[in-house]
Amino acid sequence: MKKTTLQITGMHCASCVTLVNKALTKKEGVVEANVNLSTAKATITHEKLVTENELINIIKNSGYGVETEISFNHEKKEIQNLKKLFFISLVFAIPSLIIGMIFMWLKITVPYSDYILWVLATPVQFIVGWRFYKGAWSALKNKTANMDTLIVMGTSAAYTFSIYTTMFNPTIGQYFETSTILITLVVMGKLLESIAKGNTSNAIKKLMNLSPKTATVLRGEKEIKIKIDNVKINDIILVRPGERIPVDGKIIQGQSFVDESMITGESMPIEKKRNDKIIGGTINETGSFTFKVTRIGENTTLAQIIRIVEEAQTRKAPIQRFADKVSAYFVPVILLISFLTFLTWNIFGENFSFALMTSISVLVIACPCALGLATPTAIMVGTGKGARNGILIKGGDALETAHKTKFVVLDKTGTITKGQPEVTDLIPFQKLSKNDVLQLAASIEQLSEHPIARTIVKKAKKKKLKLFKPKKFQAIQGKGVKAIINGKQYFLGNINDDNEQIQNLEKQGKTVISLLQNKKVLGIISVADSVKDTSKQAVQEMQKLGITVYMMTGDNEQTAKTITKQVGIKHFFAKVMPKGKSDHVKKLQEKGIVMMVGDGINDAPALAQADIGIAMGSGTDVAMETGNIVIMKNDLLDVVKAIKLSKQTMAKIKQNMFWALLYNVLGIPLAAGIIYPFTGVLLSPIIAGGAMALSSVSVVTNSLLLRYKKL
């Protein structure tokens, strides 16, 4: 299978999306097509036999333009084009409004006014309005109808009827200014909508601008500035204070603090030193350093984030299917209502022009743009907001499902805990200090490769303790190590002792090792994978949201009990093998929607099985590929934020759909003149056109308000 993404130009409404989608999925070999109105993109999953050119031709034959290079330039071009069309139409619409309406109300007579208005209306109808004729013709060729069909039928009816009255029956009155102002209002609405839609993609634009254009590469002793595209794996790059890091790599010399906020959402700069990983696009703040390039081009973290966000904004949320179904039948139904409106007013004795104007009002007010924009604009803003906070949501489906979560299953190591053992307790005996015990233990352990040994040595180095050189070092399998230091023999390891302090530490799930000299205990050191600072708060926040939290670990029951007690989790699965993790998730799914949070390769099957898989960003590439959501900051509080973001986004989608549907439910009967017999109030086509334009803008604006919601 292959995936192709194409930029589409000329789409105006939900009906355009349906038209392109139908045309693409009709093609044999096309498995799925996701066409997004907000991003103006189509992501097509197809067999390798189907070529990109074939897909392009299908879209072009549907009446739309295609660009193979994905960028945001199409937005600028569209806005510039609409601005030009709007100002052209405004030049003709203003005098049309003055002569055709204001002077008429003021009873000022202008000689040959009908012919002047005809001249003013013609360029607007056929030059500015040409895009609508083109779209309507494409829809007709594909045996369907869209927003362009409604605009063309409404304005053409007013324009044609006005020609007839001007030439053959001037006493009836013309409606040239109606068609002129209608097209002007529609173009203005499209312009405002495009500007607002452009703001919904601000987050991804900012991400794309993070990557610098050049890098300073060290070649021998020379510093050479080269284009970012020419950087290769294993190149050595110099980064000075204030510079943006060009690509991913590992520091080989120097240290600094790096601002990773735009990538991970972490507000505080992170200290980076030798062997630490750095991310391209982040900002070096204080010191200079050199690093070896590990990832370039599409493989960098920044490029992967951009790809994830772009794909998420293209993929549809399940709720979008409702809007798509409505849009498929919407325009034909409106055409029928418009015709019945015209017929009804003729039957009930109103004049021809009255019947025509009411039917035009129905056509104009009912454009399904707002409905088509309701979901994708909210998804774009939601995924963009997530990316700015270090929460990468891979699709609208994940964003829609997350807030329905009933159970959250948390992996222990690296998710609830830090994933790295630490010295937690130092208890000295025999008049020694804590530092004395640590110094002796680290001196012995510096020759060992055991993880606990490395943890003790790391602690001693952090405290800047001078280590002694051990002699006759010997590892005793399953028990510990021994060595001679300063002429005295020491043993470090597990001992069978009824010591109450040792037993208490072991009950807490800690690994306890004792330092002995001639069977005398000199001190106790306990090592544990400690709980992250925010884990307890995150669990409490999830529980407040009505979610039942489980912990899953391969560790023994005692360790599991200790950790769950520390963070306030009531349910856990202990001694679970990697395959068993997905089985536990499957059982919970029988009771409700399950979210799995993990960071390792052994979590990948469970992440895939869960309704929502969340991969911690510090984890493996496999876990990040499998998860529906990726947490870049490796903080469980961001899982809570992802759930809240899902809730906020879905609320916006429902609000948008409610207003879009309510607008049509109320607007169409008003335009058809349902209250006219009782109140004498009639919705003119011009007011209908203005209302239609504002409905789309209001939906996009409502989606943009999501950016200011607190997570």
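The values are calculated or read from the model by the stated rules, or taken from the named source; none is laboratory data. No experiment lies behind these values; they were computed from the predicted model shown. FYI the Cβ positions are ideal-geometry reconstructions off the backbone, even for glycines, and counts take in every protein chain you see. What goes into the accessible areas is simple: the full protein's heavy atoms, side chains included, and nothing from ligands, DNA or RNA. Shrake-Rupley method; radii C 1.70, N 1.55, O 1.52, S 1.80 Å.
Rolling a 1.4 Å probe across all protein chains gives W118 an accessible area of roughly 60 Å². On a per residue basis, the stretch 358-444 carries 24 Å² of accessible surface, using protein heavy atoms and a 1.4 Å probe. So what's the angle, to the nearest 10 degrees on a 0 to 90 scale, between helix 130-141 and the longest Cα principal axis of the chain? Helix 130-141 and the main axis of the chain meet at about 80 degrees.
Using a 1.4 Å probe on the protein chains only, how many percent of the accessible area of the stretch 114-217 belongs to carbon and sulfur? Walk me through the numbers on the way to the answer.
Working: 2800 of 4130 Å².
Carbon and sulfur together cover 68 percent of it.
Between the Cα long axis of helix 578-589 and the first principal axis of the chain there is an angle of about 50°, rounded to the nearest 10.
Ordering T679, T405, T109 by accessible area with a probe of 1.4 Å, largest first, what comes out?
Working: T679 85, T405 10, T109 125 Å².
These residues rank, largest area first, as T109, T679, T405.
Relative to the longest principal axis of the Cα atoms of the chain, helix 301-314 runs at roughly 40 degrees.
Would you mind checking the pairs K83/K134; K277/K464; K272/K459 and listing those with alpha carbons more than 21 angstrom apart? The pairs that break the limit, which is 21 Å between Cα atoms, are K277/K464.
Applying 1/(1 + (r/R0)^6) with r as the Cβ-Cβ distance of T534 and L336 and R0 = 51 angstrom yields a FRET efficiency of 0.30. Solvent-accessible surface of the stretch 152-276, taken per residue with a 1.4 Å probe and all protein chains present: 48 Å².
If you roll a 1.4 Å probe over the stretch 639-705 with all protein chains in place, what percent of the accessible area is carbon or sulfur?
In the stretch 639-705, the share of accessible area belonging to carbon and sulfur is 78 percent.
Annotation: aspartates and glutamates with alpha-carbon distance below 20 angstrom to K471 (same-chain offsets under eight excluded): D436, E445, E449.
Below 8 Å between Cα atoms, with a sequence gap of 6+, how large is the relative contact order for the chain in percent?
Numbers: 1398 pairs, mean separation 95.5, N = 711.
After rounding, I find 13 percent.
In terms of its C-alpha gyration tensor, the stretch 115-218 has a prolate overall shape, because the principal axis ratio a/c (a ≥ b ≥ c, square roots of the eigenvalues) is not below 1.5 and a/b outweighs b/c.
Given a Förster radius of 60 Å and the C-beta distance between T5 and N169 as r, what FRET efficiency does 1/(1 + (r/R0)^6) yield to the nearest 0.05? Walk me through the intermediate numbers first.
Numbers: r = 55 Å, r/R0 = 0.91.
Result of the calculation: an efficiency of 0.65.
Partners of K519 within straight-line reach, counting lysines whose Cα lies under 17 Å from its Cα and excluding those fewer than 8 residues away in the same chain: K431, K479, K482, K488. Straight-line reach from K404: which aspartates and glutamates have Cα under 14 Å away, leaving out those fewer than 8 places along the same chain? Leaving aside aspartates and glutamates fewer than 8 places away in the same chain, those within reach of K404 are D611.
How large a share of the accessible area of the stretch 375-457, in percent, is made up of carbon and sulfur atoms when the probe is 1.4 Å and the other protein chains stay in place? Carbon and sulfur atoms account for 47 percent of the accessible area of the stretch 375-457. Restricting attention to the stretch 145-240, lysine pairs at least eight places apart or on different chains and with alpha-carbon atoms under 22 angstrom apart total 11.
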